[in-house]
Amino acid sequence: MSSIFSSYTFTFNADGTISAVKNSVTEQGNYTQKPSHEGEAAKLTITFSNTPLNELNKEWQIDLISNNSIHLSDDGNASEVLQFAAK
């Protein structure tokens, strides 16, 4: 899935918005983060309005978050992963 979005530059802002830039066009989305709780992994929910970015819309399991990368997976489909990394 990540390859569909490889030409985008994503910025996660502290106010819960995401900017996705491709060919000088910026699309805005939102995200919310839910901490782990009672054995359930932490979650990151992404929401965009427009295609193809709305394919990212779901609650993702957070596998790793650092200052340079975010690794997510779909806990209902282990083969579906999404990775954001600093360039």
* To do: Inspect region 1-24 for any residue being under 10 Å from the mean Cα position of the chain (by Cα) and among the aliphatic types (A, V, I, L, M) and give the result as yes or no.
  => yes
* **Matching option when the condition is of a type in the set (Ser, Thr, Tyr), open to solvent by 50 Å² or more (accessible area, probe 1.4 Å) and assigned to a strand (DSSP E or B), among Ser73, Ser79** => Ser79
* Lone unmet requirement of (1) under 19 Å from Thr26 (Cβ atoms); (2) within 10 Å of the chain's Cα centre (by Cα) for Ala86 -> (2)
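Among the residues of region 30-62, which ones are free of Cβ contacts under 8 Å to residues at least 40 places away in the same chain and assigned to a helix (DSSP H, G or I)? Working first, answer last.
At the first step, the residues of region 30-62 found to be free of Cβ contacts under 8 Å to residues at least 40 places away in the same chain are 30-51, 54, 57-62.
The one that is free of Cβ contacts under 8 Å to residues at least 40 places away in the same chain and assigned to a helix (DSSP H, G or I): Asn54.
Looking only at region 42-68, count how many residues are open to solvent by less than 30 Å² (accessible area, probe 1.4 Å) and either of a type in the set (A, V, I, L, M, F, W, C) or closer than 17 Å to Asn13 by Cβ (or both). Quick ask: steps written out before the conclusion?
First, the residues of region 42-68 that are open to solvent by less than 30 Å² (accessible area, probe 1.4 Å): 42-44, 46, 48, 53, 56, 60, 62.
Checking which are either of a type in the set (A, V, I, L, M, F, W, C) or closer than 17 Å to Asn13 by Cβ (or both) leaves us with 42, 44, 46, 48, 53, 56, 60, 62.
The total comes to 8.
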* Of everything in region 1-13 that's under 25 Å from Asp75 (Cα atoms) and in a loop (DSSP other than H, G, I, E, B), which residue is modelled with the lowest pLDDT? -> Met1
* So Ser19 clears everything in (1) without any contact (Cβ under 8 Å) to a residue 12 or more places away in the chain; (2) touching a strand residue (DSSP E or B) at 6+ places or on another chain (Cβ under 6 Å); (3) polar (S, T, N, Q); (4) part of a loop (DSSP other than H, G, I, E, B) except one condition, right? Which one? -> (4)
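The values are calculated or read from the model by the stated rules, or taken from the named source; none is laboratory data. Predicted model, so just to flag it, every value in this text is computed and none were measured. FYI the Cβ positions are ideal-geometry reconstructions off the backbone, even for glycines, and counts take in every protein chain you see. Side chains included, ligands, DNA and RNA excluded: accessible areas come from the protein's heavy atoms. Shrake-Rupley method; radii C 1.70, N 1.55, O 1.52, S 1.80 Å.
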